[in-house]
Amino acid sequence: MAKTRNFLQNLIKPFKQYSDEQKEEELDKIAAQEQKLFSFETLILATKDFHPNHKLGEGGFGPVYKGKLEDGREIAVKKLSHNSKQRKREFVKEARLLARVQHKNVVNLLGYCINGVDKFLVYEYVSNESLDKLLFHEERRAELDWNKRYDVIGGVARGLLYLHVSAQICIIHRHIKATNILLDDKWVPKITDFGMARLYPEDQTHVNTRVACSKYVSGPYSYLTIRLRING
């Protein structure tokens, strides 16, 4: 337990300051889940030393690699790039929030890893990639018939309902778009990318969705309602 606690303290400390009471509460919740700590050697073996052939793509945080654990589980390993302090804050936020949730329509965070200045998040591998790669790809679009689309819509709605109502603490995603919906081999949608998410305090009836120090609403412009586009 002490090893896990030290890892989490090192992960969080450089990016955001919390009161001692808040920090202890968060660490206790996350550190209690011993299975969420991966060694760097495990990820090296799983990804064949982060071989280019295992690279799934490049996200806002940095590169993402496919891997396979010794027990046969397939994983996706997200590596934090060192270029942006904002991305570091979002990276830590995603780790903290996903450690709290468990739902079939939310991507499952399996664990963390830290190796010197390198930090990693380890997720379940979702085989059918993101929804946008099907919707906006002429050759693959036919794979997503209307029955599947209906099921995807329902699954995303159930995932959001869980985050808003049933999770341990209400989470507002603030970045829902086709790119952030992954599909598994049974076409079950999974919400991902919680870097812009915000917690919704129980004693409040509204939550501010604006980016800090900005007059603009967060999230992709093309997915905003007309009212938010005009009034912010």
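The values are calculated or read from the model by the stated rules, or taken from the named source; none is laboratory data. Remember, predicted model here, so these are calculated numbers, not experimental data. Ideal geometry is used to build each Cβ from the backbone, glycine not excepted, and the neighbour counts take in all protein chains shown.
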Inset, instruction - Tell me, yes or no, whether segment 78-88 has at least one residue that is under 12 Å from the mean Cα position of the chain (by Cα), at pLDDT 85 or above and either of a type outside the set (A, V, I, L, M) or not assigned by TED's automatic domain parsing to the domain that holds residue 167 (or both). - result: yes
Inset, instruction - Have a look at 67, 62, 111 and point out the one that is under 26 Å from residue 178 (Cβ atoms) and at pLDDT below 90. - result: 62
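Table: residues versus (1) outside the structural domain of residue 166 (by TED's automatic domain parsing); (2) of a type in the set (A, V, I, L, M, F, W, C); (3) at pLDDT 75 or above; (4) in a helix (DSSP H, G or I).
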position: 9; (1), (2), (3), (4): yes, no, no, yes
position: 30; (1), (2), (3), (4): yes, yes, no, yes
position: 49; (1), (2), (3), (4): yes, no, yes, no
position: 75; (1), (2), (3), (4): yes, yes, yes, no
position: 100; (1), (2), (3), (4): yes, no, yes, no
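Condition check ((1) surrounded by fewer than 19 Cβ atoms within 10 Å (Cβ to Cβ); (2) among the aliphatic types (A, V, I, L, M); (3) touching a helix residue (DSSP H, G or I) at 6+ places or on another chain (Cβ under 9 Å); (4) not in a strand (DSSP E or B)) across all residues:
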| site | (1), (2), (3), (4) |
| --- | --- |
| 82 | yes, no, yes, yes |
| 95 | no, yes, yes, yes |
| 121 | no, yes, yes, no |
| 138 | yes, no, no, yes |
| 153 | yes, yes, no, yes |
| 159 | no, no, no, yes |
| 165 | yes, yes, no, yes |
